[in-house]
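Notes to accompany the following structure.
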Amino acid sequence: MPGTLNVTVFGRSASFIERGSPIVSTRPLAAVDSVDAIGEARPGELALIRGRDLPELLFSPPAARFGSAETSDCNHTQELTLVCRIPVAVGTVPVVVRSRSGMWSPAAGVLFSFLPPAVRRVTAAWGSTPGWHETLLPSLPEHPAPRLLLTGLGLARPPISAVRFGASVHCAAVTVLNDSAVECVGLSDGQGQDARPLQGFLRVELSVPGLPAWTPQAAGILAMPPPTLGQVVPQDVAPGGLVMVAGENIPANTAAVASFTIGGAPCRSEPIFSTKGVTCRLPEHSGLGSLPDRDGDALHVRMELASGCQASLLGGVTLLGSVALAWHNNLPLQVVAMPSSDSSLFALGDAATAIAIAGNGAVMCWLSVEPGAAMRGVSRRTPTANVSVLSFPAAGVTGALGLNMTLSASCETVTGATATLPVPRRVAIPSVRAAFAPESEVWLSSAASSTDARRLPALNATLELDPAPTTEDLSRVAASFECEATLTDGVSSVSERGVVASSNTGASALTVRFAPLSTTGFPLGSALRLDASCEWVPTGERVSLPSSDVQLTSASLQISESGSGRDADDTPLLLSGVATHVHVKVAAPLSATPVCSLALAGESANALASMAAVSADVALTQSGAASLAAGATGTGEVVVSATCQLWGGDRSVHSQQSLRFRIATLRTELDLGAGPQPLALSSGASSFSLRAFPTASLTAAEAPGWDGARSDGTSCVVEALGELPAGWTQAGTKTRFFADASTSGRVPLDAVALVGTTTFPEAARDVEFAVTCEHPFAGEASPGKFSVVVLGCNVEGSDVSGTARPDGTLAVTMDALSVIGRRGGSFELRVECFVGELPLSPALRHRFSVQGCPLGQQPRAGSEDLCEVCGADEFSDGGAASVCIGCPMVGARCVTGVLALLRGYYRPPRDAGLPIGPSTELHPCFNSEACTLNVTTREYGCAEGYSGPLCGVCSDGWAPFGQACGRCWGGASDDAVVAALVLAVVAGTLFMARKTVGSSKERRSDRSIAVRQLLSHVQGLGALTLFRSKGTAAFQAVAGLTQGHRYVLTLAIVLFLTYMSLVNLAVNALECHDRPVGGVSYLEADLSVECFAGRHWFVVGGAVALLLFVGAGLPLSIFVALRGAVDRPLMNIVGGGRKLA
């Protein structure tokens, strides 16, 4: 544009020139003259732009704008042309370019028209068949959606937004793959519903953004109509035959057909397709059984296209010479075979064996089973003409219980082929599980000890059938079982048959009831085994119940005599005519309710009549014991045994041993108490009686200490013998007295009393009484006698008078009262006071006794009131009946009749409680502190930590330390002491070695001298080999054995050094204590070991061998070695040395 521009640059005028270049310059705008597409006018193609003042590439990047779409992909080819890549746009748009100044050229009316997108071809996919095809296969809405591929130009710039075929069929889903391909999936109508089925030519129309209307295309695709199948020629065909199926709209391309079948089977070879029909050959060995798609023997013809569209011709082909089999009844796949009416087989029944036959070619049909079973009965039949159902009512199977098998049916056809049921039927013979009923299981779980020894309880069991039979078959199944239970001890057995019946608890179970098994044929306490089983009679198969061990209850009977007296031979005694008690102990269950009785046998004796009639129900609630009476009359020995009836007599048990008695004779036994029986004045009157009356009882002459002869009802007669003093008579008029239950058969002799007067000492005389006792059953016993001493006393100074006190009382003091009477006599002192001749009441009484001799004295001979001191080495404990006895030999001193026991002595425990006397055995104690002594009670014992003979054995937890027992330390202390001793020995050895080595030659220590002396002993022993002994060559060889033999030399040295220790050890093992202790000799070295008894014999054997071989053998061998004379000695060093002449 011409004109003048005034430009100010940084405040300076534009007329200045800097560095030879103008500061401001002007350029004209570019102008576009024409635009032409080099190829098709589509986005992405090249366009040639012609014009003026176009921008140069070096100074300003060229660019063009088509409408609103700009492209910078431009090249400046010449001064007046640009080549640019066409951007994405639609329709007719103006074109401008960018000038050198960066400004766009003015619109000069130059327009560019874009070509619309174009579809050149439409193809369809046929299901999963690869590739795209020119036709669209027929399909329905239930078939997979069709897929179409549209190919052409400009489909992605801009991308296609919608596709339709005609005005009513729209593509449901459009996917632009690239600029030349678009995929369409699914066809719908304008309402969004599936537009199939389609037929005819479908022309494509596109919808492009920016264009107002659909763009019609010349391309499209042909939609085929659904195919149809018509007539089959020939209609009747044998297997392997060729047929031609006529039809319409059949695709000629085999890829369009997914399947073509006749009777459900494909053609033998690839079928031939044409638009009017299909040619197919049937399989060579096809039969109705292998052709499932049929109606009887009429086969269905079916064709399915790749699109899912189907065409069918039902019953179009009839197969000749073939049959098809099927189960007629719709039963469960598994049926249960139940026993037949005669139980010879398991019947299958009509319903389970009926088969449906399709076709008329069957000539023979049969049933078969496998595995492990066999068909029985009528299992093969020939079908009649036109039969459709064939059954085998008499067919059955045999097999083991619980067997599962498969049942199949087959038919042979006229062509020789075999048709078999495609699906066999499972048949099950019921399995049987045998088990005891719950109540029986509970009993069997505790049957380790059966409490009833007569029989086992009734046992019940169940037979569980699986699968369960019907109710009407259950009784027949029960009749086919025979059950038996057996009880055995390995030698004998008993058995019972079980009753099998239907169960009330369930249709699948049978009940078995076994009668109680008797156990009376087995010994009590037997270990039994219970086995039970049921046999399936038709096959002999057995079903076993769980076996159980049954321990039959045991019972035992023991008898023992109840402390009867024994004679000199230790035989229990029976009193003739008097029953004794025999203890019976029964070990049996409470349910046994034993009834026991005794039996007595003897050559000269008879059992009491009452004994034969007595039996006892032994109460088992506590100890299971009872006491039965046993008695006999006669003489000699008798044997008593017992028998108990158990469980009402079903079982019996006899005593394991018998009791042997000897019949004894009676004699009267008197219990007089200790000391003489004084008959003393009992009161101020003239009656004399015993203070404690003696008793009398009956006992056996053979056993004086036996109280078994005493019995209630014993009566005794007491009679004074001889002439009584003048004026004396026996007190009382009754002389017979009876024993009652409270006295246990003992009769108090209170008739021992006299009436008379006497004074001391004239009346001190003996009176003899006779006692005769009688047993109520055994008669009178031999009489007994005893004497009493009549005692009197003199009271002197008994008359006194008193002086009244001011208060009116009278005090009387009898300071001159003295009593002279026999030692040990018991008297009563009565004091009476008088006022004038009027006696005062009451009379005062005081009972007293005359003391015996004091400690260390005894009564003087011939005197009844004087005592004398015991002699030397005698002692007395004093008392009325005191006697001086000798002092023990050791461990005691007796001074002036008084015993003083010394401490430090041991008394054997067997003598504890016996009186001390000259024969008392006392031993010096192990040490001074080991023994204890209670001087008051005269009891000996051992101190803490000591026990055994002489208290010379250390108790548990104590150990000997020298001559004393000390308490053991704990485990940690023992370990510490041992460790300290080891360290001390090691340290001492090292110290001695160091001192010895470090000592000077001039000064020799004592330790070195001791070591040298030890070596001298060793060398001396070796010197034995320096002498040549005279004698045989063999002896010389023995004598020189140590030369060159270091081990023998070492052994000789060891024996020499340990000789004394070994001999001393052997002597100590044989040395017993010098005095027996309690009649037993003990080892001196160990007082817990009894000499020459038990384990000591082993020690004695070892000690004797040691003394023989070492104690005597070693000196003897040295003596033999040195016995011979020598010619000349040899100087031989122990280490081998050398000889010197």
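No value in this document is a laboratory result; all are computed from the given coordinates. None of these values were measured; they are calculated from a predicted model. Note that we place each Cβ from the backbone using ideal geometry, even for glycine, and neighbour counts take in every protein chain shown.
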Notebook entry, point to check: What FRET efficiency do you get for Leu844 and Ser919 if R0 is 60 Å and r is their Cβ-Cβ distance, rounded to the nearest 0.05?
Noted result: 0.75
Note to self: Give me a comma-separated list of calculated 3J(HN,Hα) values for the stretch 106-114, in order, Karplus coefficients 6.51, -1.76, 1.60 applied at θ = phi - 60°, integers in Hz, x for any Gly or Pro.
What the structure shows: x, 5, 10, x, 7, 10, 10, 9, 7
Checklist line | In Hz, Karplus ³J(HN,Hα) per residue of the stretch 146-161 (6.51, -1.76, 1.60; θ = phi - 60°; x = Gly, Pro) | finding: x, 10, 10, 10, 9, 10, x, 10, x, 8, 10, 10, x, x, 5, 9
Margin query: Once the convex hull of the alpha carbons of the stretch 28-113 is built, what does its volume come to per residue, in cubic angstrom?
Written below: 74 Å³
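Rg to Rh ratio, the stretch 857-967, alpha-carbon atoms and Kirkwood radius? All intermediate terms of the calculation are to be shown ahead of the outcome.
Values: Rg = 17.6 Å, Rh = 15.6 Å.
Rg divided by Rh gives 1.13.
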Margin query: If I model a spin label as a point 7 Å beyond the Cα along the Cα-Cβ vector, how far apart are those points for Val883 and Glu768 in nm?
Written below: 2.2 nm
Note to self: I want to check the label-to-label distance for Leu115 and Val890. Put each point 7 Å from Cα in the C-beta direction and report it in nm to one decimal.
What the structure shows: 15.3 nm
Next item on the list: Please tell me the relative contact order of the stretch 324-428 in percent, rounded to the nearest whole number, where contacts are Cα pairs under 8 Å and at least six residues apart.
Entry: 34 percent
Check: In whole Å, how far is the Cα centre of the stretch 105-142 from that of the stretch 184-262?
Finding: 20 Å
Next item on the list: At 0.36 nm per residue, minus the direct Cα-Cα distance, what do Thr665 and Ser1088 gain on full extension? Give it in nm, one decimal, please.
Entry: 147.4 nm
Margin query: Along the Cα→Cβ direction, 7 angstrom out, place labels at Ala599 and Leu866. What is the inter-label distance in nm?
Written below: 7.5 nm
Item checked: Label point 7 Å beyond Cα of Thr254 along Cβ direction - residues of the stretch 272-305 with amide nitrogen under 19 Å -> 272-284, 302-305
Note to self: For the stretch 457-551, place one equal point scatterer on every Cα, skip the solvent, and apply the Debye formula. What is log10 of I(q)/I(0) at q = 0.11, 0.18 Å⁻¹?
What the structure shows: -0.36, -0.81
Notebook entry, point to check: Short version: ³J(HN,Hα) in whole Hz for each residue of the stretch 374-384, in order, from phi by Karplus 6.51 cos²θ - 1.76 cosθ + 1.60 (θ = phi - 60°), x for Gly and Pro, what are they?
Noted result: 9, 6, 9, x, 8, 10, 10, 9, 9, x, 7
Next item on the list: With a ≥ b ≥ c taken as the square roots of the eigenvalues of the C-alpha gyration tensor of the stretch 156-208, please select rounded if a/c is under 1.5 and otherwise prolate if a/b is larger than b/c or oblate if it is not?
Entry: prolate
Next item on the list: Kindly identify the stretch 484-613 as rounded, prolate or oblate by the Cα gyration tensor criterion: order the square roots of the eigenvalues as a ≥ b ≥ c, call it rounded if a/c is under 1.5, otherwise compare a/b with b/c, prolate if a/b is larger, else oblate.
Entry: prolate
Checklist line | Label-reachable residues, the stretch 115-135, where backbone N falls under 20 Å from a point 7 Å from Thr92's Cα toward its Cβ | finding: 115-118
Notebook entry, point to check: At a Förster distance of 56 Å, what's the computed FRET efficiency of Ala69 paired with Glu142, Cβ-Cβ distance as r, to 0.05?
Noted result: 0.75
Next item on the list: Would you tally the net charge around Gly377, using a Cβ to Cβ cut-off of less than 13 Å, leaving Gly377 out, and scoring K and R as +1, D and E as -1?
Entry: +1
Note to self: I'd like the FRET efficiency for Val423 and Glu472, computed as 1/(1 + (r/R0)^6) with the beta carbon distance as r and R0 of 30 Å, rounded to 0.05.
What the structure shows: 0.60
Check: Any idea what the relative contact order of the stretch 885-933 is, in percent, if you count C-alpha pairs under 8 Å spaced at least 6 apart?
Finding: 43 percent
Next item on the list: Compute the relative contact order of the stretch 556-664 as a whole-number percentage, counting only Cα pairs closer than 8 Å that sit 6 or more residues apart in sequence.
Entry: 36 percent
